[in-house]
Amino acid sequence: MRKNFICSLFLLAFVGFTTAVASKNVTGSHNTAPQLIPDLDGWTRFRGPNGSGVAKSENLPTSIGPERNVIWKTSVPEGYSSPVLTQDRVFLTAFEDDRLLTIGLDRSTGRELWRREAPRPRVERLDPRNNPAAPSPAVDDERVYVFFAEFGLLAYDFDGNKLWDAPLGPFDNLYGMGASPVVFDGKVLLVCDQRTDSFLIAINGTNGQVAWRVDRPEAASSHATPVVWQPNDGEPQLIVVGSFLLSGYAIATGQRLWWVRGMIHEMKSVPVISNGIAYVNGYGSPLNDPGNTLDVGPFEDALQYDSDDDGLLSRDELPEGRARQRIRMSDLDRDGKLSENDWNYFRNSMAMTNGMFAIRLGGSGDMTDKNFLWLYSRAVPQLPSPLLYENLLYMINDGGIVTILDPTTGAQLDQGRLQNAVDSYYASPVAGDGKIYMVSELGMVSVVKPEPTLRVIATTDLDDTVYGTPAIDGNRIYLRTGTTLYSFGLPQ
(Lines give C-alpha, C1' and ligand atoms only; values in the text may rest on other atoms or scores of the structure.)
Protein backbone atom coordinates (compact mmCIF):
# COMPACT_ATOMS: atom_id res chain seq x y z
CA MET A 1 0.00 0.00 0.00
CA ARG A 2 2.80 2.42 0.86
CA LYS A 3 4.38 2.19 -2.59
CA ASN A 4 1.09 2.78 -4.40
CA PHE A 5 0.22 5.65 -2.09
CA ILE A 6 3.54 7.42 -2.60
CA CYS A 7 3.23 6.98 -6.37
CA SER A 8 -0.21 8.58 -6.29
CA LEU A 9 1.23 11.57 -4.44
CA PHE A 10 3.74 12.23 -7.19
CA LEU A 11 1.03 12.12 -9.86
CA LEU A 12 -0.35 15.33 -8.36
CA ALA A 13 1.96 18.31 -8.47
CA PHE A 14 -0.29 20.53 -6.36
CA VAL A 15 -0.30 23.06 -9.17
CA GLY A 16 -0.91 26.60 -8.00
CA PHE A 17 0.34 26.13 -4.43
CA THR A 18 3.51 27.75 -3.10
CA THR A 19 6.34 25.32 -2.36
CA ALA A 20 9.25 27.53 -1.36
CA VAL A 21 12.29 25.49 -0.30
CA ALA A 22 14.05 26.54 2.88
CA SER A 23 17.72 27.36 2.70
CA LYS A 24 18.53 25.80 6.08
CA ASN A 25 18.98 22.04 5.83
CA VAL A 26 18.03 20.11 8.96
CA THR A 27 18.08 16.64 7.40
CA GLY A 28 18.93 13.96 9.90
CA SER A 29 17.48 15.72 12.93
CA HIS A 30 15.28 12.79 13.88
CA ASN A 31 14.74 11.91 17.52
CA THR A 32 15.52 8.48 18.86
CA ALA A 33 13.95 9.03 22.30
CA PRO A 34 10.88 10.77 23.68
CA GLN A 35 11.36 14.49 24.11
CA LEU A 36 11.07 16.64 27.19
CA ILE A 37 9.86 20.13 26.29
CA PRO A 38 9.73 22.08 29.56
CA ASP A 39 7.43 24.81 28.20
CA LEU A 40 4.78 22.19 27.43
CA ASP A 41 4.85 19.84 30.42
CA GLY A 42 1.53 20.76 32.03
CA TRP A 43 -2.09 20.86 30.85
CA THR A 44 -1.55 24.40 29.58
CA ARG A 45 -3.07 24.02 26.11
CA PHE A 46 -5.59 21.98 24.18
CA ARG A 47 -4.93 18.26 24.87
CA GLY A 48 -2.33 18.97 27.51
CA PRO A 49 1.43 18.35 27.28
CA ASN A 50 2.36 19.23 23.68
CA GLY A 51 -1.09 18.11 22.51
CA SER A 52 -0.43 14.50 23.49
CA GLY A 53 -3.50 13.96 25.65
CA VAL A 54 -1.30 12.11 28.17
CA ALA A 55 -0.69 13.22 31.75
CA LYS A 56 1.84 11.98 34.29
CA SER A 57 -0.79 11.19 36.88
CA GLU A 58 -1.62 8.67 39.56
CA ASN A 59 -4.64 7.67 41.64
CA LEU A 60 -7.14 8.73 39.00
CA PRO A 61 -10.71 7.48 39.42
CA THR A 62 -11.88 4.69 37.17
CA SER A 63 -15.53 5.64 37.40
CA ILE A 64 -16.71 9.25 36.99
CA GLY A 65 -20.22 10.62 36.77
CA PRO A 66 -22.59 13.26 38.17
CA GLU A 67 -22.56 11.51 41.56
CA ARG A 68 -19.34 9.49 41.27
CA ASN A 69 -16.00 10.77 42.56
CA VAL A 70 -17.02 14.41 42.20
CA ILE A 71 -14.62 16.78 43.99
CA TRP A 72 -16.61 19.83 42.87
CA LYS A 73 -18.92 20.92 40.08
CA THR A 74 -19.69 24.43 38.84
CA SER A 75 -22.31 25.68 36.41
CA VAL A 76 -20.71 27.26 33.33
CA PRO A 77 -22.12 28.83 30.17
CA GLU A 78 -22.10 27.00 26.84
CA GLY A 79 -18.86 26.54 24.97
CA TYR A 80 -16.97 23.83 23.12
CA SER A 81 -13.52 24.80 24.36
CA SER A 82 -11.61 22.52 26.71
CA PRO A 83 -10.33 23.52 30.16
CA VAL A 84 -6.67 24.42 30.64
CA LEU A 85 -4.87 24.52 33.97
CA THR A 86 -2.33 26.39 36.02
CA GLN A 87 -1.26 25.38 39.51
CA ASP A 88 -4.30 27.09 41.08
CA ARG A 89 -6.58 28.14 38.19
CA VAL A 90 -8.84 26.63 35.56
CA PHE A 91 -9.61 28.66 32.43
CA LEU A 92 -12.42 28.31 29.90
CA THR A 93 -14.00 30.32 27.12
CA ALA A 94 -17.78 30.47 26.74
CA PHE A 95 -20.65 31.96 24.75
CA GLU A 96 -23.70 33.33 26.57
CA ASP A 97 -26.36 35.86 25.51
CA ASP A 98 -24.35 36.72 22.38
CA ARG A 99 -21.29 37.46 24.53
CA LEU A 100 -17.80 36.00 24.11
CA LEU A 101 -16.49 35.19 27.58
CA THR A 102 -13.26 34.13 29.24
CA ILE A 103 -13.73 32.60 32.70
CA GLY A 104 -11.20 31.96 35.45
CA LEU A 105 -12.02 29.53 38.28
CA ASP A 106 -10.29 28.41 41.46
CA ARG A 107 -8.84 24.98 40.78
CA SER A 108 -9.28 23.62 44.30
CA THR A 109 -12.93 24.66 44.80
CA GLY A 110 -14.39 25.37 41.35
CA ARG A 111 -15.44 28.84 42.46
CA GLU A 112 -15.68 31.33 39.61
CA LEU A 113 -13.15 34.09 40.23
CA TRP A 114 -13.80 36.28 37.21
CA ARG A 115 -15.28 36.48 33.75
CA ARG A 116 -14.41 38.96 31.02
CA GLU A 117 -16.22 39.79 27.81
CA ALA A 118 -14.38 40.12 24.50
CA PRO A 119 -15.52 42.53 21.78
CA ARG A 120 -17.71 40.96 19.11
CA PRO A 121 -17.51 43.20 16.04
CA ARG A 122 -19.02 40.61 13.70
CA VAL A 123 -20.97 37.36 13.58
CA GLU A 124 -19.29 34.72 11.45
CA ARG A 125 -20.95 31.84 9.65
CA LEU A 126 -20.61 28.57 11.57
CA ASP A 127 -21.38 24.95 10.92
CA PRO A 128 -24.05 23.75 13.39
CA ARG A 129 -21.42 21.48 14.95
CA ASN A 130 -19.19 24.45 15.78
CA ASN A 131 -19.48 27.17 18.42
CA PRO A 132 -18.22 30.77 18.80
CA ALA A 133 -16.23 29.57 21.85
CA ALA A 134 -14.64 26.46 20.33
CA PRO A 135 -10.86 27.18 20.46
CA SER A 136 -9.36 26.41 23.87
CA PRO A 137 -7.24 28.85 25.88
CA ALA A 138 -3.49 28.51 26.39
CA VAL A 139 -1.45 29.64 29.40
CA ASP A 140 2.13 30.32 30.36
CA ASP A 141 3.57 31.26 33.75
CA GLU A 142 1.91 34.67 33.82
CA ARG A 143 -0.91 34.96 31.29
CA VAL A 144 -3.91 33.23 29.72
CA TYR A 145 -4.45 33.67 25.98
CA VAL A 146 -7.77 33.17 24.21
CA PHE A 147 -8.85 33.27 20.57
CA PHE A 148 -12.32 34.13 19.38
CA ALA A 149 -12.74 34.02 15.59
CA GLU A 150 -15.23 36.88 15.81
CA PHE A 151 -12.59 39.18 17.32
CA GLY A 152 -9.04 37.81 17.53
CA LEU A 153 -6.55 37.12 20.33
CA LEU A 154 -6.68 38.50 23.88
CA ALA A 155 -4.35 38.13 26.86
CA TYR A 156 -5.28 38.38 30.56
CA ASP A 157 -3.28 37.99 33.73
CA PHE A 158 -4.47 35.29 36.11
CA ASP A 159 -6.64 37.83 37.99
CA GLY A 160 -8.57 38.75 34.84
CA ASN A 161 -6.87 42.04 33.98
CA LYS A 162 -6.68 42.46 30.22
CA LEU A 163 -3.09 42.97 29.10
CA TRP A 164 -3.52 43.30 25.35
CA ASP A 165 -5.63 42.32 22.40
CA ALA A 166 -4.81 41.62 18.77
CA PRO A 167 -7.82 41.85 16.41
CA LEU A 168 -7.71 39.31 13.58
CA GLY A 169 -10.05 38.39 10.73
CA PRO A 170 -12.71 38.39 9.51
CA PHE A 171 -12.35 34.73 8.62
CA ASP A 172 -14.01 32.59 5.97
CA ASN A 173 -13.82 28.94 6.93
CA LEU A 174 -16.57 26.65 5.67
CA TYR A 175 -17.12 25.24 9.18
CA GLY A 176 -15.84 28.14 11.26
CA MET A 177 -12.44 28.40 12.92
CA GLY A 178 -11.31 25.61 15.23
CA ALA A 179 -7.57 25.73 15.94
CA SER A 180 -6.47 26.78 19.43
CA PRO A 181 -3.46 28.96 20.29
CA VAL A 182 -0.21 27.42 21.51
CA VAL A 183 2.41 29.18 23.65
CA PHE A 184 6.11 28.47 23.26
CA ASP A 185 9.27 30.48 23.89
CA GLY A 186 7.33 33.62 24.71
CA LYS A 187 5.26 33.50 21.52
CA VAL A 188 1.55 32.86 21.05
CA LEU A 189 1.30 30.73 17.91
CA LEU A 190 -1.97 30.48 16.00
CA VAL A 191 -2.89 28.70 12.76
CA CYS A 192 -5.58 30.60 10.84
CA ASP A 193 -6.56 28.32 7.95
CA GLN A 194 -9.54 29.39 5.87
CA ARG A 195 -10.86 29.23 2.30
CA THR A 196 -8.43 31.90 1.08
CA ASP A 197 -5.60 33.91 2.64
CA SER A 198 -4.66 31.32 5.29
CA PHE A 199 -1.76 32.21 7.55
CA LEU A 200 0.30 31.25 10.60
CA ILE A 201 1.03 34.02 13.10
CA ALA A 202 3.32 34.44 16.10
CA ILE A 203 2.52 37.18 18.61
CA ASN A 204 4.75 38.32 21.45
CA GLY A 205 3.09 37.08 24.64
CA THR A 206 4.29 40.06 26.67
CA ASN A 207 3.03 42.96 24.56
CA GLY A 208 0.77 41.54 21.83
CA GLN A 209 3.01 42.69 18.98
CA VAL A 210 3.32 40.51 15.86
CA ALA A 211 6.66 38.67 15.84
CA TRP A 212 6.09 37.19 12.38
CA ARG A 213 3.31 36.14 10.04
CA VAL A 214 3.59 33.72 7.10
CA ASP A 215 1.07 32.76 4.43
CA ARG A 216 -0.22 29.20 4.01
CA PRO A 217 -1.54 29.27 0.41
CA GLU A 218 -2.22 25.53 0.23
CA ALA A 219 -4.52 25.49 3.27
CA ALA A 220 -8.25 25.96 2.75
CA SER A 221 -10.36 24.22 5.39
CA SER A 222 -8.35 22.97 8.33
CA HIS A 223 -8.86 23.19 12.08
CA ALA A 224 -5.88 21.39 13.63
CA THR A 225 -3.97 22.83 16.59
CA PRO A 226 -0.19 22.53 16.07
CA VAL A 227 2.46 20.92 18.26
CA VAL A 228 6.12 21.65 18.99
CA TRP A 229 9.04 19.47 17.96
CA GLN A 230 12.52 19.88 19.41
CA PRO A 231 15.09 18.20 17.12
CA ASN A 232 18.18 16.81 18.75
CA ASP A 233 20.42 19.03 16.66
CA GLY A 234 18.34 22.03 15.68
CA GLU A 235 16.03 24.81 16.75
CA PRO A 236 12.44 24.14 17.88
CA GLN A 237 9.89 23.69 15.12
CA LEU A 238 6.13 24.08 14.98
CA ILE A 239 4.50 21.06 13.36
CA VAL A 240 1.42 22.21 11.46
CA VAL A 241 -0.99 19.94 9.62
CA GLY A 242 -3.45 21.36 7.11
CA SER A 243 -4.85 20.83 3.64
CA PHE A 244 -2.66 18.27 1.85
CA LEU A 245 0.52 18.98 3.86
CA LEU A 246 2.22 18.37 7.18
CA SER A 247 4.87 21.07 7.57
CA GLY A 248 7.65 22.06 9.94
CA TYR A 249 8.14 25.78 10.66
CA ALA A 250 11.01 27.46 12.51
CA ILE A 251 9.41 28.93 15.63
CA ALA A 252 12.01 31.70 15.80
CA THR A 253 11.30 33.07 12.30
CA GLY A 254 8.22 31.39 10.81
CA GLN A 255 10.26 29.93 7.94
CA ARG A 256 8.77 26.76 6.52
CA LEU A 257 11.62 24.25 6.57
CA TRP A 258 10.12 21.05 5.16
CA TRP A 259 6.82 19.38 4.35
CA VAL A 260 5.22 16.03 3.53
CA ARG A 261 2.38 15.72 1.03
CA GLY A 262 -0.57 13.35 1.16
CA MET A 263 -2.83 14.75 3.89
CA ILE A 264 -6.51 15.10 3.03
CA HIS A 265 -8.06 18.51 2.45
CA GLU A 266 -9.70 18.92 5.88
CA MET A 267 -7.38 18.16 8.77
CA LYS A 268 -8.85 18.57 12.25
CA SER A 269 -6.86 16.40 14.63
CA VAL A 270 -3.77 17.29 16.65
CA PRO A 271 -0.60 15.38 15.70
CA VAL A 272 1.06 13.40 18.47
CA ILE A 273 4.84 13.03 18.45
CA SER A 274 7.16 10.31 19.70
CA ASN A 275 10.73 9.44 18.73
CA GLY A 276 10.76 11.99 15.91
CA ILE A 277 7.58 10.61 14.32
CA ALA A 278 4.22 12.37 14.08
CA TYR A 279 0.97 10.42 14.05
CA VAL A 280 -2.11 12.23 12.79
CA ASN A 281 -5.48 11.19 11.40
CA GLY A 282 -7.40 12.93 8.64
CA TYR A 283 -10.87 12.33 7.23
CA GLY A 284 -12.50 14.27 4.41
CA SER A 285 -15.56 12.30 3.30
CA PRO A 286 -16.52 8.79 2.17
CA LEU A 287 -15.19 9.80 -1.26
CA ASN A 288 -11.71 9.71 0.30
CA ASP A 289 -11.96 6.12 1.48
CA PRO A 290 -9.71 3.59 -0.31
CA GLY A 291 -11.28 2.57 -3.59
CA ASN A 292 -13.31 5.77 -3.86
CA THR A 293 -10.53 8.23 -4.61
CA LEU A 294 -10.31 9.61 -8.14
CA ASP A 295 -8.01 11.72 -10.28
CA VAL A 296 -10.44 14.09 -12.04
CA GLY A 297 -7.75 15.35 -14.39
CA PRO A 298 -6.12 18.76 -14.95
CA PHE A 299 -7.96 22.05 -15.32
CA GLU A 300 -7.09 22.39 -19.01
CA ASP A 301 -9.01 19.19 -19.74
CA ALA A 302 -12.00 20.38 -17.73
CA LEU A 303 -12.15 23.58 -19.77
CA GLN A 304 -13.82 21.60 -22.54
CA TYR A 305 -17.03 22.32 -20.59
CA ASP A 306 -16.41 26.09 -20.52
CA SER A 307 -19.24 27.00 -22.89
CA ASP A 308 -18.94 30.77 -22.48
CA ASP A 309 -15.12 30.76 -22.87
CA ASP A 310 -14.51 32.87 -19.77
CA GLY A 311 -11.80 30.54 -18.45
CA LEU A 312 -13.99 29.55 -15.50
CA LEU A 313 -16.43 26.71 -14.81
CA SER A 314 -19.88 27.46 -13.47
CA ARG A 315 -22.15 24.84 -11.94
CA ASP A 316 -24.37 24.76 -15.03
CA GLU A 317 -21.36 24.15 -17.25
CA LEU A 318 -20.09 21.20 -15.22
CA PRO A 319 -21.30 17.72 -16.13
CA GLU A 320 -23.11 15.60 -13.59
CA GLY A 321 -20.60 14.14 -11.14
CA ARG A 322 -18.31 15.06 -8.29
CA ALA A 323 -17.30 18.50 -9.56
CA ARG A 324 -20.90 19.69 -9.76
CA GLN A 325 -21.77 18.10 -6.41
CA ARG A 326 -18.84 19.70 -4.63
CA ILE A 327 -18.65 23.10 -6.31
CA ARG A 328 -19.74 24.86 -3.10
CA MET A 329 -16.83 23.35 -1.17
CA SER A 330 -14.31 23.86 -3.97
CA ASP A 331 -15.26 27.43 -4.89
CA LEU A 332 -12.76 28.95 -2.48
CA ASP A 333 -13.42 32.60 -3.34
CA ARG A 334 -17.21 32.09 -3.42
CA ASP A 335 -17.69 33.69 -6.86
CA GLY A 336 -19.94 30.86 -8.10
CA LYS A 337 -17.33 29.50 -10.52
CA LEU A 338 -14.27 27.28 -10.39
CA SER A 339 -10.96 28.89 -11.33
CA GLU A 340 -7.79 26.91 -11.98
CA ASN A 341 -6.84 27.30 -8.32
CA ASP A 342 -10.29 26.08 -7.23
CA TRP A 343 -10.06 23.12 -9.58
CA ASN A 344 -6.64 22.13 -8.28
CA TYR A 345 -8.02 22.16 -4.74
CA PHE A 346 -10.95 20.01 -5.89
CA ARG A 347 -8.64 17.66 -7.78
CA ASN A 348 -6.33 17.16 -4.82
CA SER A 349 -9.23 16.74 -2.40
CA MET A 350 -10.64 13.94 -4.55
CA ALA A 351 -7.30 12.13 -4.85
CA MET A 352 -6.21 11.99 -1.21
CA THR A 353 -6.99 9.05 1.09
CA ASN A 354 -8.53 9.13 4.57
CA GLY A 355 -6.21 7.63 7.13
CA MET A 356 -3.97 7.59 10.14
CA PHE A 357 -0.59 8.80 8.91
CA ALA A 358 2.84 8.12 10.38
CA ILE A 359 5.33 10.78 9.25
CA ARG A 360 8.99 11.06 10.19
CA LEU A 361 9.87 14.63 11.12
CA GLY A 362 12.65 16.81 9.76
CA GLY A 363 14.57 17.49 6.59
CA SER A 364 14.53 20.27 4.05
CA GLY A 365 11.97 20.97 1.34
CA ASP A 366 9.64 18.25 0.10
CA MET A 367 10.32 15.19 2.26
CA THR A 368 7.38 13.06 1.10
CA ASP A 369 9.43 10.25 -0.41
CA LYS A 370 11.76 10.01 2.61
CA ASN A 371 9.53 10.76 5.59
CA PHE A 372 6.25 9.00 4.81
CA LEU A 373 6.19 5.78 6.87
CA TRP A 374 2.75 4.21 6.76
CA LEU A 375 -0.98 4.80 6.28
CA TYR A 376 -3.92 3.02 7.92
CA SER A 377 -7.35 3.72 6.39
CA ARG A 378 -10.14 1.90 8.28
CA ALA A 379 -12.64 3.54 10.68
CA VAL A 380 -10.74 6.83 10.63
CA PRO A 381 -11.95 9.66 12.92
CA GLN A 382 -13.02 12.99 11.51
CA LEU A 383 -12.60 15.01 14.72
CA PRO A 384 -11.01 13.11 17.67
CA SER A 385 -7.21 13.25 17.73
CA PRO A 386 -5.06 10.13 18.15
CA LEU A 387 -3.62 8.95 21.44
CA LEU A 388 -0.21 7.32 21.80
CA TYR A 389 -0.03 5.67 25.21
CA GLU A 390 2.11 2.86 26.60
CA ASN A 391 3.50 2.03 23.15
CA LEU A 392 0.05 1.66 21.58
CA LEU A 393 -1.66 4.03 19.15
CA TYR A 394 -5.38 4.59 19.63
CA MET A 395 -8.04 6.30 17.60
CA ILE A 396 -11.78 6.53 18.12
CA ASN A 397 -13.92 7.51 15.19
CA ASP A 398 -17.05 9.60 15.22
CA GLY A 399 -19.24 6.51 15.67
CA GLY A 400 -17.40 5.05 18.67
CA ILE A 401 -15.23 2.47 16.90
CA VAL A 402 -11.86 2.16 18.63
CA THR A 403 -8.82 1.02 16.67
CA ILE A 404 -5.56 -0.02 18.34
CA LEU A 405 -2.45 0.10 16.14
CA ASP A 406 1.19 -0.82 16.43
CA PRO A 407 2.84 2.61 16.05
CA THR A 408 5.96 1.12 14.49
CA THR A 409 4.29 -0.72 11.63
CA GLY A 410 0.72 0.56 11.50
CA ALA A 411 -0.57 -2.99 11.95
CA GLN A 412 -4.05 -3.26 13.45
CA LEU A 413 -3.96 -4.99 16.83
CA ASP A 414 -7.67 -4.74 17.61
CA GLN A 415 -10.81 -2.88 16.61
CA GLY A 416 -14.26 -2.73 18.15
CA ARG A 417 -17.17 -0.49 19.04
CA LEU A 418 -17.42 0.80 22.58
CA GLN A 419 -20.26 -0.53 24.67
CA ASN A 420 -23.26 1.82 24.55
CA ALA A 421 -21.66 3.86 21.74
CA VAL A 422 -24.85 5.00 20.02
CA ASP A 423 -23.95 8.65 19.30
CA SER A 424 -21.04 10.74 18.02
CA TYR A 425 -17.60 11.43 19.49
CA TYR A 426 -16.17 14.96 19.36
CA ALA A 427 -13.87 14.90 22.40
CA SER A 428 -10.42 13.39 21.92
CA PRO A 429 -9.24 10.53 24.15
CA VAL A 430 -6.95 11.35 27.08
CA ALA A 431 -4.93 9.12 29.38
CA GLY A 432 -3.11 8.87 32.68
CA ASP A 433 -2.51 6.40 35.53
CA GLY A 434 -2.96 3.41 33.21
CA LYS A 435 -6.43 4.52 32.11
CA ILE A 436 -7.77 5.93 28.84
CA TYR A 437 -10.87 8.13 28.98
CA MET A 438 -13.19 8.37 25.97
CA VAL A 439 -16.31 10.55 26.18
CA SER A 440 -19.20 10.66 23.71
CA GLU A 441 -21.34 13.62 22.64
CA LEU A 442 -24.18 12.45 24.90
CA GLY A 443 -21.82 12.09 27.87
CA MET A 444 -21.07 8.36 27.91
CA VAL A 445 -17.68 7.90 29.58
CA SER A 446 -15.74 4.74 28.68
CA VAL A 447 -12.54 3.93 30.55
CA VAL A 448 -10.24 1.67 28.55
CA LYS A 449 -7.27 -0.35 29.75
CA PRO A 450 -4.13 0.29 27.64
CA GLU A 451 -3.71 -3.18 26.16
CA PRO A 452 -3.38 -4.57 22.61
CA THR A 453 -6.92 -5.94 22.96
CA LEU A 454 -9.75 -3.46 23.52
CA ARG A 455 -10.95 -3.79 27.13
CA VAL A 456 -13.41 -1.37 28.72
CA ILE A 457 -13.13 -1.41 32.49
CA ALA A 458 -15.89 1.10 33.31
CA THR A 459 -18.79 2.87 31.61
CA THR A 460 -20.79 5.74 33.15
CA ASP A 461 -23.24 8.36 31.94
CA LEU A 462 -22.74 12.10 32.57
CA ASP A 463 -26.33 12.79 31.48
CA ASP A 464 -25.24 15.87 29.52
CA THR A 465 -23.58 16.72 26.22
CA VAL A 466 -19.78 16.81 25.90
CA TYR A 467 -17.80 18.48 23.11
CA GLY A 468 -14.63 19.55 24.90
CA THR A 469 -11.72 17.25 25.64
CA PRO A 470 -11.08 16.51 29.36
CA ALA A 471 -7.98 17.81 31.14
CA ILE A 472 -5.90 15.72 33.55
CA ASP A 473 -3.37 16.87 36.10
CA GLY A 474 -2.14 15.25 39.30
CA ASN A 475 -4.96 13.04 40.57
CA ARG A 476 -7.80 15.10 39.09
CA ILE A 477 -9.83 15.02 35.87
CA TYR A 478 -11.48 18.25 34.73
CA LEU A 479 -14.36 17.70 32.34
CA ARG A 480 -16.75 20.18 30.80
CA THR A 481 -20.30 19.26 29.82
CA GLY A 482 -22.92 21.48 28.20
CA THR A 483 -23.83 23.03 31.55
CA THR A 484 -21.19 22.06 34.12
CA LEU A 485 -17.46 21.96 34.77
CA TYR A 486 -16.51 18.97 36.93
CA SER A 487 -13.43 18.12 38.92
CA PHE A 488 -13.26 14.37 39.49
CA GLY A 489 -10.95 12.55 41.87
CA LEU A 490 -10.78 9.80 44.46
CA PRO A 491 -11.83 10.67 48.01
CA GLN A 492 -8.93 11.88 50.12
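Taking the condition at pLDDT below 95, in the same structural domain as Asp157 (by TED's automatic domain parsing) and crowded, with 18+ Cβ neighbours inside 10 Å, does Val139 pass? No; evaluated as a whole, the condition is false for this residue. Of the residues Ala458, Ala471, the single one that is in the same structural domain as Ile401 (by TED's automatic domain parsing), over 22 Å from Lys268 (Cβ atoms) and aliphatic (A, V, I, L, M) is Ala458. Contact map, segment 180-192: residues that are farther than 23 Å from Ser221 by Cα paired with residues that are among the polar types (S, T, N, Q) and surrounded by fewer than 23 Cβ atoms within 10 Å (Cβ to Cβ), Cβ distance under 7 Å, separation 6+ or inter-chain. Pairs shown: Gly186/Asn204; Gly186/Thr206; Lys187/Asn204.
Of all residues in segment 160-201, those satisfying the criterion of being assigned to a strand (DSSP E or B) and more than 15 Å from Arg45 (Cβ to Cβ) are Lys162, Leu163, Trp164, Asp165, Ala166, Pro167, Cys192, Phe199, Leu200, Ile201. Of all residues in segment 296-339, those being surrounded by 15 or more Cβ atoms within 10 Å (Cβ to Cβ) and of a type in the set (Asp, Glu) number 3.
On the basis of being touching a Phe, Trp or Tyr at 6+ places or on another chain (Cβ under 7 Å), surrounded by 24 or more Cβ atoms within 10 Å (Cβ to Cβ) and under 21 Å from Ser440 (Cβ atoms), does Ser81 make the cut? Judged against the criteria, Ser81 is not a match.
All of Gly248, Gly284 fail the test of being surrounded by 23 or more Cβ atoms within 10 Å (Cβ to Cβ) and in contact with a His (Cβ under 9 Å, 6 or more places away or on another chain), apart from Gly284.
If you check Thr109, Thr102, Thr93 for being hydroxyl-bearing (Ser, Thr, Tyr) and either within 19 Å of Arg476 (Cβ to Cβ) or not in a strand (DSSP E or B) (or both), only one passes: Thr109.
Just checking, does segment 413-423 include any residue being more than 27 Å from Ile239 (Cβ to Cβ) and of a type in the set (Lys, Arg)? Yes, the conditions are met somewhere in segment 413-423. Scanning segment 435-453 for residues that are of a type outside the set (Ser, Thr, Tyr) and buried (at least 16 other Cβ atoms within 10 Å of the Cβ) yields Lys435, Ile436, Met438, Val439, Glu441, Leu442, Gly443, Met444, Val445, Val447, Val448, Pro450. Any residue at all in segment 193-202 that is among the small types (Gly, Ala, Ser) and touching a Lys or Arg at 6+ places or on another chain (Cβ under 6 Å)? Yes, because at least one residue in segment 193-202 is among the small types (Gly, Ala, Ser) and touching a Lys or Arg at 6+ places or on another chain (Cβ under 6 Å). Of everything in segment 372-415 that is touching a residue at least 60 places away in the same chain (Cβ under 8 Å) and touching an Asp or Glu at 6+ places or on another chain (Cβ under 8 Å), the residue that is farthest from Gly51 (Cα to Cα) is Ser377. Of the residues making up segment 393-445, those that are among the charged types (D, E, K, R) and part of a strand (DSSP E or B) are Asp414, Arg417, Lys435.
Whether any residue in segment 444-451 is free of Cβ contacts under 8 Å to residues at least 60 places away in the same chain and either basic (Lys, Arg) or not assigned by TED's automatic domain parsing to the domain that holds Leu383 (or both) is what I want to check. The answer is yes; a qualifying residue exists.
Restricting Asp165, Asp185 to residues that are at positive phi and assigned by TED's automatic domain parsing to the domain that holds Trp114 narrows the list to Asp185.
The values are calculated or read from the model by the stated rules, or taken from the named source; none is laboratory data. These numbers come from a predicted model, not from an experiment. Heads up, the Cβs are rebuilt from the backbone with ideal geometry, glycines too, and the neighbour counts pull from every protein chain shown.
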